[in-house]
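The structure under discussion appears below in the form of structure tokens.
The values are calculated or read from the model by the stated rules, or taken from the named source; none is laboratory data. In this text the structure is predicted, and so the values were computed from the model without any measurement. Because the Cβ atoms are built from the backbone with ideal geometry, glycine has one as well, and the counts that use them run over all protein chains shown.
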Amino acid sequence: MPSSPEPRAAAIVVAGGAGTRLGGEVRKQYLHLAGVPVLLRALGAFVYHPAIAQVVAVLPADDAADPPAWLTELGVTITPGGAERGDSVWNGLACVREDLDCVLIHDGARPLVTRGVIDRVLAASVEGGAIAAVPVTDTIKSVDAEGRVTGTPDRAALWQAQTPQGFPRQRLMDAYRRAREEGVVATDDAAVFERYGGVVRVVPGAADNLKVTRPGDLEVAEALLRLQLSAES
């Protein structure tokens, strides 16, 4: 029996926030990781993937109006972000070609995503939602507003969500449209999909698929990148 054709997909790489948590004047998505902007590394994983037919970069409004040359040369679709992350994803979805079956949503501050992680999410997102995730290894505590421990969830049932997250394109658009009509603030794409009846499954992510968020993350990312490159050589 011949194998099923790979789905034709789009990728939306979300980098529409101010990115100021790291401090300094340069937004975190433009900081350099081993000489290459963090966002460029994140985008490249999708631009050069054979099953990705379109890549949309969601940027802060002023950057979308005047994007850096290295971004325009990449040939991606550029659109401005919104006030909240959900608004930025919605703007990105509005740019996706209607002939594409699936859409992957990825954080622009996750520069080390690998082909293997993308492949696993893409394969699982043909019929429903799929997210890259890793099992929680630390003990997790539930805590009330006053800092008192109220419970210890079984970590065997807990996974730490990463991106990309993948979905059938039209079903995700329908879910986001309903969320916007109902005033639901969306901070996680899978949560929006789940809210309106979608089933989401986890697929193995990777420990080195970190999000550059805090001081020190770039140094960790550079060390992980060196390990990735040495493994490939």
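H106 satisfies every condition listed in (1) in contact (Cβ under 8 Å) with a residue 40 or more places away in the chain; (2) surrounded by fewer than 22 Cβ atoms within 10 Å (Cβ to Cβ); (3) of a type outside the set (A, V, I, L, M, F, W, C) except (2). The residue pairs whose first member lies in segment 163-174 and is within 14 Å of D119 (Cβ to Cβ), whose second member is at pLDDT 95 or above and not hydrophobic (A, V, I, L, M, F, W, C), and whose beta carbons are closer than 6 Å, counting only pairs six or more residues apart or on different chains, are P164/H106.
Residues in segment 190-210 that are assigned to a helix (DSSP H, G or I) and either among the hydroxyl-bearing types (S, T, Y) or farther than 12 Å from A132 by Cα (or both): A191, V192, F193, E194, R195. Residues in segment 126-162 that are under 30 Å from L112 (Cβ atoms) and basic (K, R): 2 in all. The set of residues in segment 92-103 that are in contact with a strand residue (DSSP E or B) (Cβ under 7 Å, 6 or more places away or on another chain), surrounded by fewer than 20 Cβ atoms within 10 Å (Cβ to Cβ) and of a type outside the set (A, V, I, L, M, F, W, C) comprises R97, D101.
When residues in segment 171-189 are screened for being charged (D, E, K, R), surrounded by 10 or more Cβ atoms within 10 Å (Cβ to Cβ) and assigned to a loop (DSSP other than H, G, I, E, B), 1 of them pass.
Per this entry, A221 is counted among residues that are surrounded by 17 or more Cβ atoms within 10 Å (Cβ to Cβ) and either β-branched (V, I, T) or touching a residue at least 60 places away in the same chain (Cβ under 8 Å) (or both). Name the single residue, out of those in segment 109-132 being among the small types (G, A, S) and surrounded by 23 or more Cβ atoms within 10 Å (Cβ to Cβ), that is farthest from V202 (Cα to Cα). The residue in question is A109. Among the residues of this structure, E127 counts as one that is farther than 21 Å from A15 by Cα and of a type in the set (D, E).
The rows are residues; the columns are (1) under 26 Å from V192 (Cβ atoms); (2) out of contact with any Asp or Glu (no Cβ under 6 Å at 6 or more places or on another chain); (3) acidic (D, E).
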| position | (1), (2), (3) |
| --- | --- |
| A123 | yes, yes, no |
| G129 | yes, yes, no |
| A133 | yes, yes, no |
| D138 | no, yes, yes |
| V149 | no, yes, no |
| P153 | yes, yes, no |
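Within this structure, V134 passes the test of being hydrophobic (A, V, I, L, M, F, W, C), farther than 21 Å from A9 by Cα and in a strand (DSSP E or B). List pairs: first residue in segment 70-97 and touching a residue at least 12 places away in the same chain (Cβ under 8 Å), second residue among the aromatic types (F, W, Y) and crowded, with 17+ Cβ neighbours inside 10 Å anywhere in the structure, Cβ distance under 9 angstrom, at least six positions apart or on different chains. Between residues of segment 70-97 that are touching a residue at least 12 places away in the same chain (Cβ under 8 Å) and residues that are among the aromatic types (F, W, Y) and crowded, with 17+ Cβ neighbours inside 10 Å, the close pairs are V76/F46; G82/W90; G86/Y176; V89/Y176; W90/Y176; L93/Y176.
Every residue in segment 146-170 that is surrounded by fewer than 18 Cβ atoms within 10 Å (Cβ to Cβ), out of contact with any Pro (no Cβ under 7 Å at 6 or more places or on another chain) and not in a loop (DSSP other than H, G, I, E, B), please.
V149, T150, G151, R155, A156, A157, Q160, A161, Q170 - these are the residues of segment 146-170 that are surrounded by fewer than 18 Cβ atoms within 10 Å (Cβ to Cβ), out of contact with any Pro (no Cβ under 7 Å at 6 or more places or on another chain) and not in a loop (DSSP other than H, G, I, E, B).
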